[in-house]
Amino acid sequence: MNALSHEPVVRGILYACVLVLATLFRPLPSQAAERLLVGVAGIEARNPRAANIASLTGSHLANVLASAGVFSVVNQAQLERELNAFGCTDEPCLLRFARTAGLSLLVRGRIESESDAARLELSCYAMDAAYNGKLVYRYSARIALSRPNITARELGYLSEEHAGAFIAGVLRAYRHPYRIRTTGGRVTADTPSPLNGRFTVYRTSSPAAEEDAPRDLIEAGELEFQNGSAKLPDRAAAFREGDFILQNFTARADYLDEFYRGRKKELVFESHSPADTIYIMLFGAPASVSMPLMAPLGYYVYGDYAGLGLWAVNVSPWLYLEADGFLNRPSKLREDHRDISRTRAARYDFALYMALSGGIPLFVDAFAHQYLRDAAEYSGTQPIIGNPWSAAFLALASPGGGHFYRGSRAWGYFYFHLDNLLVYSILNEFAHATRYDAAGEQYARAPHDHRRGYTLLYALAAVKLVEIVHAVLTPDAIYTGEARGEELAFQPSIYRDERGHTVVGGGFALRF
């Protein structure tokens, strides 16, 4: 009974602490009106290595938020110190504090150490009426720490990159509510810059029965803004005090993405030169010929066993056709005065194609994949890769080579199989069967209709055009972060009921 009687008192003390914290960090009215107030509640880390990355990431988060031109950031060190002093570190307390303090956004994170990497996770919650504490955006990244010579400079670059990508994702996902005002038949919105375009007007439903419970959004109509104002529609009575529009910040998000991606390319790629593409042109045929030996060796040396497995599964049927084409080549059949079928002639031509061109993409994948991984981790400046002209040439001259060059294995293998299938079909359609005439001691070529071959040739040309454009536009795989939504949790259940029957079931839970 005593514990139960003290529970309301303890809860009241905690709530009072939250009110004190919120009062300390509440912004001035002019400051809140100009920029969105955001607080970074710290990044949880459980060992010294993770704490170092957390400190770097927290500093870069504050810098990126301050430079985004949208946010006003609460003093991070003071905020973390006060929250820890009052024991306000769990999510409900943090969200209550953020709501009471008038924050628009609250950012928190954590870092979990793995054997050879650190898993960074950043989350952003919005406090406005449209969200009421809902998760707006979650970002995760795996920071590789397997290299023994990784430097503080490289960790700093990685932390800043992920901080920038996270803030750009928040700006793209979050929509801030701005109230509309009616003056003299015109409607304006309390936005920092003039609006242009069509916007939906919202209002919240009646107050919820429980404190801090979310309220539904109701669409009240639409307005067409030009230079910051909109003409009041005929059904003006439909709008009332407190209605608002929702505006995102995609332009700022695009700017941040472009800035950090461009800067990373400058740091990890050498300057593009036509000599790089010429070098690839000259080395293409030798690389293709040596692919059956050099590609698996490259995968093994770099420890890319996933790539080695994919190579073995995907290349096997085409290497079989290549070997069969050379072992049973038409010249050998002619020595025995045997007939040469269209299939035999086509397989020999396909073997030549595989030897001189078809092996290029897998040779490229075996080595470029590691170069791109080093670039992703800021491990020095990488030569050869990152050149769009080289990607275009490899897409033109080999099956899927441009995409393997960019680091996209899925698309690379897609075009690898599609191109090879079309090439083999075309060679088979244009091949001629020859029969040996024993009486005349000579070969006679059998007639064949090539119209289907021309159709397939046009199809290959169309595929190649799409492949080249796709390869040029595909970004290099040097970015390791990813956006994440709320996970769908499944809890299995098995038990015996009161009658002794076994019951098997499960439940799903999704936070929203």
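Values computed for the structure shown
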read-out: Sorted peptide list for 458-469, 304-315, criterion being average Cβ within 10 angstrom, highest first; value: 304-315, 458-469
read-out: Cross-link reach list, lysines versus K231, counting only Cα pairs under 20 Å and skipping chain neighbours closer than eight places; value: none
read-out: Pairwise FRET efficiency - R334 versus K265, Cβ, R0 = 56 Å, nearest 0.05; value: 0.55
read-out: Stretchable slack from R153 to H272, in nm (0.36 nm times residue separation minus alpha-carbon distance); value: 40.4 nm
read-out: Stretch gain in nm, segment N196-E44, where the contour uses 0.36 nm per residue and the Cα spacing is subtracted; value: 50.6 nm
read-out: Summed side-chain charge close to Y378 - residues other than Y378 whose Cβ falls under 9 Å, Lys, Arg +1, Asp, Glu -1; value: -2
read-out: Three-way shape call for region 264-324 based on the alpha-carbon gyration tensor, with the a/c threshold at 1.5; value: oblate
read-out: Förster radius 45 Å - calculated FRET efficiency between T381 and H432 (Cβ-Cβ, nearest 0.05); value: 0.30
read-out: Shape category assigned to region 33-104 from the gyration tensor of Cα positions, a/c cut at 1.5; value: oblate
read-out: Length gained when the stretch T89-E224 is fully extended (0.36 nm per residue, less Cα-Cα span); value: 44.2 nm
read-out: Shape category assigned to region 346-430 from the gyration tensor of Cα positions, a/c cut at 1.5; value: prolate
read-out: Label-point separation, L327 to F283 (7 Å along Cα→Cβ), nm; value: 3.2 nm
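Where a number appears in this text, it was derived from the coordinates with a stated rule and is not lab data. Quick caveat, the model's predicted, so the values are computed rather than measured. Here the Cβ is made from the backbone with ideal geometry for all residues, glycine too, and neighbour counts use every protein chain on show.
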